Amino acid sequence: MGEKQQKMTDTLTHFTHPEHQLLLTHKSSTFWCDLCKTSGTGLRYRCETCDFDLHESCTTYPETLSFYAHPWHKLALADHSASTVGSAICCDLCREPVKGFYYKCAPCGFYLHPHCSLSPRIVHSSFHPDHMLMLVPTTGSCSACNKDLMVWTYRCGICSVNLHYKCLFTAGNEGGSVGDDRADASKKTQKAVLTARK
């Protein structure tokens, strides 16, 4: 997703639900997003006829994208419920289970949550304020939680400080983990992107 933000419109045609236009709706009741398969409240795009809802942030994900952690092929957005991959796949970046739509590289078996596609390559963390952290594949243990690392880690090469993708949002930083509501996680990831650009 580029630096330009999509302007919100009252109606939207979205590739995940091409049968009907979606109407921008605000209700205080909880809804289930049909893209990321997590709950939300308030503003959403909705098809009343089909009881289909999308977080506003979920409407901004493109159908295909290039991602720096998998530069060999473009990733295509796919629906896990229609997938032949099986029920137990995890995002290769955050290692959390995939429930709804996800980006995939079919030839390589690389999987990515849409909100994880917003992850910056370089970030600043209050857990380690002296240097920037770079997202790299590495092994060892997390400097915040002491658990084993699982491939993708935010790392300070100078100090050998390593943070799980998930711990980046909790270790000395405001906010919850990536496993929270995807709309909130997307906002936290976007906040990390803005911090990385400073």
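Observations
- Over the range 7-96, equivalent-ellipsoid semi-axes from the Cα gyration tensor in Å: 26, 15, 13
- With 10 Å bins beginning at zero, the pair-distance distribution over Cα atoms of the range 1-160 amounts to 9, 32, 31, 20, 6, 0 %.
- Part-to-part distance (alpha-carbon centres) for the range 11-77 and the range 140-155, which is given in Å: 31
- Glu19 contributes about 120 Å² of solvent-accessible surface, heavy atoms of the protein only, 1.4 Å probe.
- Amide H contacts under 5 Å for Leu35, placed H, 5+ residues apart: His55
- Backbone HN-Hα couplings from phi across the range 13-24 [Karplus 6.51/-1.76/1.60, Hz, Gly and Pro as x]: 9, 10, 5, 7, 8, x, 5, 9, 6, 9, 9, 5
- Distant-in-sequence amide H partners of His17 (H built 1.01 Å from N, under 5 Å): none
- Length available on full extension from Asn146 to His131: 0.36 nm per residue minus the Cα-Cα distance, which gives 3.4 nm.
- Placed amide H near Tyr165: partners under 5 Å, 5+ positions off or other chain: Tyr154
- Extension gain (nm, one decimal) between Thr30 and Thr49, 0.36 nm per residue minus Cα-Cα: 5.1 nm
- Sorting 147-160, 111-124 by their mean Cβ neighbour count within 10 Å, with the most densely packed peptide first, gives 111-124, 147-160.
The values are calculated or read from the model by the stated rules, or taken from the named source; none is laboratory data. Note that the structure is predicted; figures quoted are calculated from it, not measured. Because the Cβ atoms are built from the backbone with ideal geometry, glycine has one as well, and the counts that use them run over all protein chains shown. Ligands, DNA and RNA are stripped out before the accessible areas are found, and what is left, the full protein with its side chains, is counted by its heavy atoms. Shrake-Rupley method; radii C 1.70, N 1.55, O 1.52, S 1.80 Å.
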